[in-house]
Structure formats: structure tokens, C-alpha cells
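K.L.:
What follows is a single structure, and I will ask about it in a moment.
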Amino acid sequence: MSTVLSETAIYISGLSVRFAGFAAITNLSMELRYGEIRAIIGPNGAGKTTLMDVITGKTRPTSGEVFLNKTIDLTQLDETAIARLGIGRKFQKPSIFEALYVRENLELAIRNGRGYMAMMRSRLTREQHDRVDEVLKMIGLVDEGRRIAGTLSHGQKQWLEIGMLLVGDPHVILLDEPVAGMTDHETARTVELIAGLKSPQRAVVVIEHDMDFVGEIADLVSVLHEGQLLGEGSMDKVRNDARVIQVYLGR
Amino acid sequence: MFATKWMDQSIEFGIVPVLILVTLYLPFAYFAIPASNALHLSLFGINLIGQIMCFALLALALDLVWGLCGILSLGHGIFFGMGGYLMAMYLLNAAYLDTHVLPDFMQYMGASAFPAFWHVFERLDVTVLVTIALTAAVAGAFGFVTFRSRINGVYLSIITQALTYALMLLLFINDIGLGGNNGMTGFTRIAGYRLEAVSTQIGLAVCSCLLLVVAYIGVRFLARSSFGRALIAVRDDEARMRFLGYRTHTLKLLAWCLSAVLAALAGMLYVPQVGIVNPTIVSPQLSVEIAVWVAIGGRGTLIGAIVGAILVNGLKFWLSAQLPSVWPFILAGVTLIITVYFGNGLWGTLKAAASNTGMGARR
């Protein structure tokens, strides 16, 4: 167990991203490990979302290394290929297919983009079908399967999008502000949901501003500031770090 | 829930028997009903219905890419025109075998025989296959480049519109050898049957109806499959699809090529019924009009595209005969009213109303 826990999922070294003269990330190095829930915090413009863009292939880094399992160079792959490796990402704004049924959203996700011709006739396998049912239960939308996704509440949409990542049983889950705009009750349920994602075979990364939420779920907190790593440790340690207090927590 | 879904589907499927009834009615209305009866159809009427069915198929093709997949092509006339021109090449060849007179434009160019490559068009079945292959190849090449480069939305629309205009200018040139601005005409036979014969004209109109039925059933099946759901998902959030592991440009390319082939088949049936093809078939105006038919009928509903094409073209044939100068204003007015007050188009609005009264429907 302990050896699995320390295994590196995403290895980032000397990462820099520049957009037309603006340095979004500068010489960043960090490791995201299996079996942990990592929170990445930092003020606006700290480079949190850019980091996710790099890991998922949306943005190419200017320099530096990003590896999955220390062997697969993610900087050479596009979004689709990276998604197929089992790296799932939830966007800041709920990003679901509003015109389709809730169930259909999950069915598309579980197919994972393989076999377009087969999609014209084949139905899901028994196992895939059961997995969709299972995930519907996990995200609390069992009774909403035949509802048009666009009619869900904001919180339910966020859960559906997390569910779309879950059906594929990803190794790495990146969540960009999963509780933004949620009620307290919804946030509490989301905490349960995310805590349930923790597994020795999975790395979970959460970007969040809500400190109480971070304190509840995160094993380890990384603080970004102006594209650089400012500190790393438990929530308590980070809360008491003088530099972190100065740039972020303190006012 | 199950019952409402069944009702919803059966209403949608209702267009199939309606179109088949129209198909059966065409020969019956001409031969069996006396001319004095109001239900009698003249040859002109039958010919008109056949042409409108071709437009309906064209609209269905556009709805497949625009309604389902979100790709607004303002150049579908290119594929319609390709089908039309390639069919005309076959028809010219057939006319030559019939009359042994070279087409005028070839004589003016000083030719004594058809160009060598024209032999491809000696047989109708080969012509159909060549047209399908060529259209798919052209659409595939265009789609491959644009979709991979992630050209979307209004930029793609503008490119398609520019291309159809460029193709029209190209076809205006006499040296291309496709008849210049006069186009190609003087067709006499198709598959051995005399084109001027009543039975041939009725046969072509019937073929147009049947092809529309087959295409509708096929596209509807596709739309309801997981593949169709994936196209809708690409329309609504392409980035999300990429991050789920879908190669969205491949999905779009498949839909795009299929749509292009349907449009080409529509063009192939259209040309023998109007008896002429000229560069106006790829005018930007026609390509924009296709989008108008689909918008009026309700995009993304498939039936809406067919209904829109039939209504607008029916109205056009009727009104442009009565009040030719007023027609453009009427079309513009109707389009404005429908897009402003019925954003989902006629069929989309009907469906939404039906779902509110418990009949269960969705886009």
C-alpha cells in the first residue's frame, strides 16, 4: 500500500508556459501521486488552469517536461490521446451535452471515442451498462437518467460532469473549481463524492478557492503564485506558512 | 414515459408513409384521374413535385451537418452541383449516342469527339458510382483540412460560401469544356428511356420521392444511434468531446462526407428533371437558400428540413408565377418572422408545443 501511495502519476519538471510575452507558468516542478487528493490553490492568474491545460494537452508548454507514469511524454500528445490514457478533466464551467439525456451523456463518455462505425449500430455491453448505472448512483442522479441534461440544476450538472469522467475509471482526475456556485448542501455532497474518488490507483487534483472545502478533502496542498510553486504541504502547514499568508491568505 | 416516447417517434416517422403515398399518387394522378378532376396532376405538376423532392433531399443533407453537428455549410450547392454536372455529362453522352450530334459548345470549341475521359460517363451505374466517389473525395479533402485545423462556425461558413462562388466563376469559363455560362442541355435519354416520355418523367419524380424516403430513414437511424448522439455532443461542446477521448474531426468528417454524397445524389436526380445544368446551380444564392429552408422548417429535426424545403419551394413556384417581383420580399419576410418568433423553426416549434402538452419530444 505504502509503495503504491508514493508512486508518481504526473511528473512535472522545469515547466514554463509563455503567451506572447506573458509568463503564465515559470520553471514549475511538482509531482502528483497516486492515492492522494491534491489541491492546487493560488490567487487568480497564478497559473492553475494553465497547468491543467498543459497536462490535458490543450496548451503546449514553452519548455519543460510533463510525464505520465514517468514514461509517457504528455507534451507530445493532443487532448484526445491524453483523454484515452485515462486522464479526465472537469472544466470550471459545467460542460455537459445539454440537448442529450443525462444517461446519454454518460454513455458517450464510457465509449471513450473508440469505434465510430460500431457506434452506428452497437449498444453498450452489459458491463458498460452496469457501470453507467453505478455512476448514476454515485453522483445521485439515478432518477434523472431520462432527463434532458440541460434541465438539471447547476450542482447536478457539475456532478454529471464528474460522472462523465468516472465512467471511464480514469487514473488521473483533474477538477477545476468543482464547488464554484454551489449551495452549502451541494458542496457537502460534492465533498463526499470527491472523497469517494480516492483510490490507490488514482490521482485526484482539485483547483479550488474555497479554503474550507480544500481543508476537508485535500491530503496535500500546493500553492501557486505568479506561475511558480510557493509552498506545498498539509492544509495546516500551508495556512501557517509566512509567504503563503503574505501573498494569498493574508490581506 | 414509454408511451409518450413511442408517440413522439411515431409522429416523426409519419412522414415516411406520407411520402410513400405521394409517390404512389403521382402515376395514379396522371393516368387514372381524368384531367377535369381537381386531383389530376399535369406533367408540369409531377415534374415540379420531383424537383421539390430533390430540394428536400438537399435540405436533409444540410440538416445532417448543420442541425446535428453544428457545421453551417453555405456551400452545399457545390455538392448538389457536382452531382448535377456529372449527371449532365452522362446525359450528354447518351444524347450523342442517340443523335450522333456533338453538343454545341463542343463544336464551337472545334472538337470532333468527346474528350477521352468522357468514356467514364457511358453508363449510368458507373456515373452514379463515380459521382459518389468523387463527391466523397472532394468533401473529404475539404473536411480533412478544415476540421483538423479546427476551423469552425462563421469562418467555415464563409469559406464554403467563397468556394461555391469560386466554383461558379470557374464553370462560367468556356475553356473548362463544360458549356460555360450556357451550361449543358439537349438531353434525350436516360438509361435508354426517352426523357420527354411521360413515363420517364413520372419515373424520375417517383425515384426522387423514394430516394428521399430511403435517405430520411437512413439519416434518422443514424441520428438516433450513438453516432448521432455523438454528433449532437460535438455541436453542443466540441472541446468536452475531445477531452472525453473523441477525435471530433473524424466524427465531423464522416457526417460531412455522407451529407455531401446525399446532396450530390439530389443533384443527379434534379438535372434530368429540369433538363439543363448551368453554373447558377452553384451560385451562392442557392446555397444560402438551402440554409433558409432548413431554418424555416427547424434545424436538427430532419423532418423540419424536408417540410421547410417543400413549403418554401412550393410557395416559390406558386408565387413567383403570380407575383414574380414580390417573391424575394415575401421569402425575406417569412424568414424574418420565423427566425424571430419561432426560433426552432416550424417543426421545432410544433415539437416543443407537443412536448409541453405531454406528448414528449425533444430536439
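K.L.:
Taking only the stretch B:222-239 into account, find how many residues are more than 8 Å from every other protein chain (Cβ to nearest Cβ), of a type in the set (A, V, I, L, M, F, W, C) and within 18 Å of A:Arg121 (Cα to Cα).
P.N.:
2
K.L.:
Related question: What number of residues in the stretch B:16-55 are in a helix (DSSP H, G or I) and within 21 Å of B:Thr200 (Cα to Cα)?
P.N.:
Number of matching residues: 26.
K.L.:
May I ask you to list the residues in the stretch A:143-152 that are surrounded by 13 or more Cβ atoms within 10 Å (Cβ to Cβ) and either free of Cβ contacts under 8 Å to residues at least 12 places away in the same chain or not acidic (Asp, Glu) (or both)?
P.N.:
A:Gly145, A:Arg147, A:Ile148, A:Ala149, A:Gly150, A:Leu152
K.L.:
Being in contact (Cβ under 8 Å) with a residue 60 or more places away in the chain, in contact with a strand residue (DSSP E or B) (Cβ under 7 Å, 6 or more places away or on another chain) and of a type in the set (A, V, I, L, M): is that true of A:Leu15 here?
P.N.:
In short, no.
K.L.:
Out of the residues in the stretch B:28-75 that are farther than 22 Å from B:Ala264 by Cα and among the hydroxyl-bearing types (Ser, Thr, Tyr), which is surrounded by the fewest Cβ atoms within 10 Å (Cβ to Cβ)?
P.N.:
Ranking the candidates gives B:Ser36 first.
K.L.:
With B:Leu258, B:Leu265 as the choices, which residue is at pLDDT 95 or above and within 14 Å of chain A (Cβ to nearest Cβ)?
P.N.:
Selected residue: B:Leu258, the only one of B:Leu258, B:Leu265 that is at pLDDT 95 or above and within 14 Å of chain A (Cβ to nearest Cβ).
K.L.:
Answer yes or no as to whether B:Ser355 is within 26 Å of B:Leu169 (Cβ to Cβ) and of a type in the set (S, T, N, Q).
P.N.:
no
K.L.:
State which residue is nearest to B:Ile290 (Cα to Cα) when the search covers only the stretch B:313-327 and only residues that are surrounded by 14 or more Cβ atoms within 10 Å (Cβ to Cβ) and among the polar types (S, T, N, Q).
P.N.:
B:Asn313
K.L.:
So, one more: Mind checking which residues of the stretch B:160-213 are touching a Pro at 6+ places or on another chain (Cβ under 8 Å), of a type outside the set (A, V, I, L, M, F, W, C) and outside any helix (DSSP H, G or I)?
P.N.:
Those that are touching a Pro at 6+ places or on another chain (Cβ under 8 Å), of a type outside the set (A, V, I, L, M, F, W, C) and outside any helix (DSSP H, G or I): B:Gly177, B:Gly179, B:Gly183, B:Gly186.
K.L.:
Restricting to the stretch B:29-71, and then to whatever is within 17 Å of B:Trp318 (Cα to Cα) and among the aromatic types (Phe, Trp, Tyr), can you tell me which residue is farthest from the chain's Cα centre (by Cα)?
P.N.:
Step by step, filter the stretch B:29-71, then rank; the result is B:Phe44.
K.L.:
Go through (1) more than 10 Å from every other protein chain (Cβ to nearest Cβ); (2) among the hydroxyl-bearing types (Ser, Thr, Tyr); (3) over 19 Å from B:Thr127 (Cα atoms); (4) buried (at least 24 other Cβ atoms within 10 Å of the Cβ) and name the single condition B:Thr280 misses.
P.N.:
(4)
K.L.:
Of the residues that sit in the stretch A:150-168 and are modelled with pLDDT of 90 or more and part of a loop (DSSP other than H, G, I, E, B), which one is nearest to A:Val132 (Cα to Cα)?
P.N.:
Of everything passing the filter in the stretch A:150-168, A:Val167 is nearest to A:Val132 (Cα to Cα).
K.L.:
Hey, any hits in the stretch B:173-195 for a residue that's free of Cβ contacts under 8 Å to residues at least 60 places away in the same chain and under 28 Å from B:Ala309 (Cα atoms)?
P.N.:
No, the conditions are met nowhere in the stretch B:173-195.
K.L.:
Please report, ordered by residue number, the helices (runs of 4 or more DSSP H) entirely within the stretch A:1-119 with at least 1 residues that are exposed (fewer than 14 other Cβ atoms within 10 Å of the Cβ) and of a type in the set (Val, Ile, Thr).
P.N.:
So the answer is A:2-5.
The values are calculated or read from the model by the stated rules, or taken from the named source; none is laboratory data. Since this is a predicted model, take the numbers as computed values, not measurements. Please note: Cβ atoms are built from the backbone with ideal geometry, for glycine as well, and neighbour counts cover all protein chains shown.
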